[in-house]
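I have placed the structure first, in the form of structure tokens, so that the comments after it can refer back to it.
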């Protein structure tokens with residue numbers, strides 16, 4: 001892989017460039033690494049790889065990249081809809097959210113009920129007194145199986161989903177429907193600005209950990225000339241803080257701060 005390809009892979013070129021460069025500059029300043037000669041593979045140009053491979057997968061577990069895709073009949077195969085056919089190449093699906101039920105129910109093309117209704121059975125019989133008595137019962141049954149109340153979303157890892165009714169009947173087999181999908185962030189450009197400080201803390205800890213795990217073997221190393229002291233206490237401190245940072249993300253992701261997490265609020 002050429003240097004240019006490597007830089008582009010880790011977001012140092014193109015639309016990620018400014019954000020990733022700012023993150024690397026902040027980490028360098030805050031950890032005081034500009035004066036420390038680092039070995040090959042741990043220099044500043046290598047930190048973007050650490051962030052993409054360590055920080056982003058962990059951060060995405062708690063605050064994923066949320067997208068909405070229109071799932072169509074063309075995506076149907078062997079009883080399931082393949083939800084990743086129209087996603088950008090390289091997308092990593094972490095899970096699914098829910099159907100946009102408001103759009104689903106207001107579109108007249110969508111099935112409204114999770115049961116089969118045959119119009120010929122309704123219109124071919126006479127309308128007698130017992131039918132009047134059963135009207136309320138029929139209405140109750142229809143409301144029970146209403147798509148707004150009884151449609152369930154099933155998911156099979158990693159890329160299959162389908163809609164079924166309360167009685168197990170698959171619906172929307174021939175109709176499109178909008179589906180929320182959770183992805184791993186493809187880069188730092190999809191991370192919310194309001195979450196950037198939390199992301200920065202994790203990125204700083206990951207970079208510090210990667211450097212510390214190598215340099216700790218050379219700290220206070222005795223040579224024939226002198227004792228080598230690298231003063232890497234700050235790196236060790238951030239390495240030790242990583243578990244606490246992940247714990248903070250875990251606690252924060254089940255809250256209104258996370259728009260990718262479905263919540264029901266009652267008063």
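A single entry from 29, 15 fulfils the requirement of being modelled with pLDDT under 90, over 18 Å from the mean Cα position of the chain (by Cα), assigned by TED's automatic domain parsing to the domain that holds residue 194 and not in a loop (DSSP other than H, G, I, E, B): 15. One residue alone among 222, 243 is farther than 25 Å from residue 66 by Cβ and either crowded, with 17+ Cβ neighbours inside 10 Å or at pLDDT 90 or above (or both), and that residue is 243.
When residue 46 is tested against (1) free of Cβ contacts under 8 Å to residues at least 24 places away in the same chain; (2) surrounded by fewer than 15 Cβ atoms within 10 Å (Cβ to Cβ), only condition (2) is not met.
Name the strands (runs of 3 or more DSSP E) wholly inside the range 52-138 in which the number of residues that are in contact with a strand residue (DSSP E or B) (Cβ under 8 Å, 6 or more places away or on another chain), modelled with pLDDT under 90 and surrounded by fewer than 13 Cβ atoms within 10 Å (Cβ to Cβ) is 1 or more.
Of the strands (runs of 3 or more DSSP E) lying wholly inside the range 52-138, those with at least 1 residues that are in contact with a strand residue (DSSP E or B) (Cβ under 8 Å, 6 or more places away or on another chain), modelled with pLDDT under 90 and surrounded by fewer than 13 Cβ atoms within 10 Å (Cβ to Cβ) span 65-71, 93-99.
The values are calculated or read from the model by the stated rules, or taken from the named source; none is laboratory data. Quantities reported herein were computed from a predicted structural model and do not represent experimental measurements. Note: ideal-geometry Cβ built from the backbone for every residue, glycine included; neighbour counts use all protein chains shown.
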